[in-house]
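So the structure is just underneath, and the comments pick up after that.
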Amino acid sequence: MLDRLLQWDQDVFIYLNGLGVEFWDPFWSAVTKISVWTPLFLMFLVLFLLKFPKRQAFSRITAVVALAFFITLITHWTKIGFKRLRPCDDAEISSFIRILDTPSGYSFFSGHASSSFAIALLVYLLLKNKIKWAGLFFIWPLLFTTSRIYVGVHYPLDVLVGAAVGVLSGLLFHKLHRAIAPGTS
């Protein structure tokens with residue numbers, strides 16, 4: 001059963017990665033970089049500072065930073081535990097897939113997916129009552145995670161599991177924030 005699932009994952013990856021077009025390579029190569037999203041992170045910070053009194057803004061910012069550390073640790077430990085090769089490092093398929101990035105480390109699960117979905121969800125939950133367009137925050141994880149398949153470094157299951165872990169972590173930290181700082185959510 002697991003072998004069939006992994007074969008399906010590889011086949012879907014090869015198909016999706018093969019849809020790439022050279023014209024879009026610069027876009028997806030940029031979108032996959034964390035540094036490109038720095039203005040978004042600064043916008044989150046500014047929104048918290050503008051929309052809440054200082055103490056409430058600080059508690060929200062602290063929750064997001066704590067979540068970022070948590071999700072980074074969970075992702076790192078999981079990758080070390082599973083030791084799944086990235087598609088770009090898999091000799092069986094690397095010669096015929098599109099590879100635009102070659103990060104070190106393992107593939108399962110995607111840290112880009114887990115962190116972006118976790119942070120986007122928590123920021124959304126903390127700001128949704130103050131900003132009507134907060135749902136647009138989810139454009140970030142959708143582009144960020146799609147890029148990982150496009151550039152050849154993650155299988156679809158890496159991204160899907162990472163997104164699920166991110167969503168669950170975002171919900172957990174929202175619940176913790178509400179328990180630690182009642183009346184601020």
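Numbers for the structure displayed
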read-out	value
Count of region 168-185 residues which are surrounded by fewer than 18 Cβ atoms within 10 Å (Cβ to Cβ) and assigned to a helix (DSSP H, G or I)	8
Search result, residues across region 52-65 that are more than 21 Å from the chain's Cα centre (by Cα) and surrounded by fewer than 14 Cβ atoms within 10 Å (Cβ to Cβ)	P53, K54, R55
Any chance D89 is modelled with pLDDT of 95 or more, within 25 Å of Y15 (Cβ to Cβ), buried (at least 18 other Cβ atoms within 10 Å of the Cβ) and not hydrophobic (A, V, I, L, M, F, W, C)	no
Residue list for region 120-165, restricted to those being open to solvent by less than 20 Å² (accessible area, probe 1.4 Å) and among the hydroxyl-bearing types (S, T, Y)	T145, S147, Y155
Flag if S104 is under 19 Å from the mean Cα position of the chain (by Cα), open to solvent by 60 Å² or more (accessible area, probe 1.4 Å) and small (G, A, S)	yes
Where A68 falls short, out of the listed (1) small (G, A, S); (2) in contact (Cβ under 8 Å) with a residue 40 or more places away in the chain; (3) open to solvent by 70 Å² or more (accessible area, probe 1.4 Å)	(3)
Residues (open to solvent by 10 Å² or more (accessible area, probe 1.4 Å) and in a helix (DSSP H, G or I)) located in region 107-119	G111, H112, S115, F117, I119
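The values are calculated or read from the model by the stated rules, or taken from the named source; none is laboratory data. Here the structure is a predicted model, which is why all the values come from computation and not from measurement. Here Cβ is always computed from backbone atoms with ideal geometry, including for glycine, and neighbour counts include all displayed protein chains. To get the accessible areas, we keep the full protein, side chains included, count just its heavy atoms, and leave off ligands, DNA and RNA. Shrake-Rupley method; radii C 1.70, N 1.55, O 1.52, S 1.80 Å.
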